[in-house]
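Before any comments, here is the structure.
The values are calculated or read from the model by the stated rules, or taken from the named source; none is laboratory data. This one's a predicted model, so the numbers in the text were calculated from it and none came from an experiment. Please note: Cβ atoms are built from the backbone with ideal geometry, for glycine as well, and neighbour counts cover all protein chains shown. The protein model used for the area step is the full one, side chains on, heavy atoms only, and it has no ligands, DNA or RNA in it. Shrake-Rupley method; radii C 1.70, N 1.55, O 1.52, S 1.80 Å.
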Amino acid sequence: MRADAMSDQRAAILLVDDMEDNLIALEAVLASLNQPLVRARSGEEALKVLLRRRIALVLLDVRMPGMDGFETAANIKRLDQTKHVPIIFLTGAEDDSGYAFRGYATGAADYLTKPFDPWVLRAKVRVFLELDELRTEVRQLRQLISKGEVK
C-alpha cells in the first residue's frame with residue numbers, strides 16, 4: 001500500500017490477543033467509539049497489520065505464545081513507520097508486578113490489568129484517538145506548508 005493511500009485511510013485500533021474471548025470483549029467495549037477495530041492473534045500478525053494499515057493505537061496483551069507483548073512492543077518501537085504508535089498493555093491482575101515496569105520501559109503509553117473497567121478503557125482510548133487526529137492534522141499542515149500552499 002502506498003504511503004499516501006495509507007494516510008487517507010481512517011486510523012484503526014489494533015487489538016492484539018491470542019484469546020478469542022478477550023478480543024470479543026474488547027470489541028464490545030470499544031464498539032461505541034465508532035472507530036475501525038482490527039484484530040491480531042499474535043505479535044507477528046500485529047506487526048504485519050501495522051505495516052499495511054494506519055493504526056491510531058495498539059491494545060496489546062502481554063502474555064501470548066511465541067512473540068509476547070513485550071517483544072512485540074519492542075519491534076513496534078524499533079520501526080520508523082510504527083515507532084510513534086501508542087501502545088496500551090493489557091494483562092491479568094495476577095501477573096508479576098514487574099510487568100508494568102517492563103511495559104513502560106518497552107515504550108508503552110499505558111498499562112491496564114484485567115479485568116479492566118470498560119469506562120476507563122474507553123476514556124483512555126478516546127484520548128489517544130484525539131491525539132492521532134491532531135498528529136494527522138499537523139502532518140497535513142506541514143505538507144501544505146512545504147508545497148507553499150500555506151504561509
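With all protein chains present, how much of the accessible area of segment 15-132 (probe radius 1.4 Å) comes from carbon and sulfur, to the nearest whole percent? Don't jump to the answer; show the numbers that get you there.
Values: 3170 of 5750 Å².
The nonpolar share, carbon plus sulfur, comes to 55 percent.
Given a 1.4 Å probe, how much area per residue of the chain is accessible, in Å²? Mind showing how you got there, number by number?
Details: 8510 Å² over 151 residues.
Roughly 56 Å² per residue, with all protein chains present.
Amide H contacts for residue 90 (H built 1.01 Å from N in the peptide plane; partners 5 or more residues away or on another chain; cut-off under 5 Å): 60, 61, 62, 112. Relative contact order, whole percent, for segment 63-113 stands at 40, derived from Cα pairs under 8 Å and 6 or more residues apart. The relative contact order of segment 57-147, computed from alpha carbon pairs under 8 Å that lie at least 6 residues apart in sequence, is 26 percent.
What Kirkwood Rh does the chain have if only Cα atoms enter the pairwise 1/r average? Answer in Å. Don't jump to the answer; show the numbers that get you there.
Working: mean 1/r = 0.0625 Å⁻¹.
Computed over the chain, the radius equals 16.0 Å.
Restriction of the trypsin sites (Lys or Arg not before Pro) in segment 1-82 to DSSP coil positions whose beta-carbon has at most 11 other beta-carbons within 10 angstrom yields 2, 10.
Along the positive direction of the dipole of segment 66-151 (beta-carbon charges: Lys, Arg +1; Asp, Glu -1; about the Cα centre), which of 115, 85, 70 reaches farthest? Of 115, 85, 70, it is 85.
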